Amino acid sequence: MNRECYECGFVASKNASHCAKCDSPLREFPEDTILVVDIAHNGETVKEALDKLKKEIDKSPASSELLIIHGQGEIANSVLSHLEFLKSTRVIHNFTPENAGAVLIEI
Ligand SMILES: [Zn+2]
């Protein structure tokens with residue numbers, strides 16, 4: 001099964017460790033446990049991206065992990081500060097930026 005680069009969306013071959021297009025490291029995500037959702041590359045406004053983020057978190061079962069692709073810029077800043085808030089209010093367990101354009105959320 002091929003993997004998609006979560007930086008640029010390029011489909012990498014199964015054995016590649018780095019994306020052939022943008023050279024991002026490819027991590028093996030067990031697809032049944034981690035849902036990858038792009039909230040920022042469809043022309044979303046900051047508000048729309050945050051709404052998507054909230055919806056995905058609401059849908060996610062406890063103890064699951066969610067990889068959110070937020071890109072860089074205004075949406076990224078809003079997403080990260082919103083996650084900070086959700087963590088402080090214990091809606092999510094934790095979050096870890098994967099790279100400049102994606103964050104891994106532990107529900
Ligand atoms: Zn790539």
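How far is it, in nm, from the label point at Asp58 to the one at Val91 when both lie 7 Å from their Cα along the line to the Cβ?
Spacing of the two 7 Å Cα→Cβ label points: 1.0 nm.
For the chain, what is the mean residue ellipticity at 222 nm derived from helices alone (per DSSP H run of n ≥ 4: -39500 (n - 2.57); sum divided by total residues; nearest 500 deg cm²/dmol)?
Values: 2 runs with 29 residues, N = 107.
Rounded to the nearest 500, it is -9000 deg cm²/dmol.
Mind jotting down the three principal axis lengths of the chain based on Cα atoms? Whole angstrom, largest first.
Principal-axis extents of the chain (Cα, largest first): 40, 29, 18 Å.
Can you check what the net charge comes to around Val46, using other residues whose Cβ is under 12 Å from the Cβ of Val46 (Lys, Arg +1; Asp, Glu -1)?
My count for the surroundings of Val46 gives -2.
Can you give the angle from 0 to 90° between the axis of helix 74-88 and the longest principal axis of the chain, with both taken from C-alpha atoms, to the nearest 10?
Here the helix axis deviates by roughly 60 degrees.
From Cα pairs below 8 angstrom and at least 6 apart in sequence, can you work out the relative contact order of the chain, rounded to a whole percent?
Value for the chain: 22 percent.
Bear in mind these aren't lab numbers, they're just calculated from the coordinates by the rules spelled out. Since the model is a prediction, treat every value here as computed from it, not as a measurement. Positions of Cβ are generated from backbone atoms using ideal geometry, with glycine treated the same way; all protein chains shown enter the neighbour counts.
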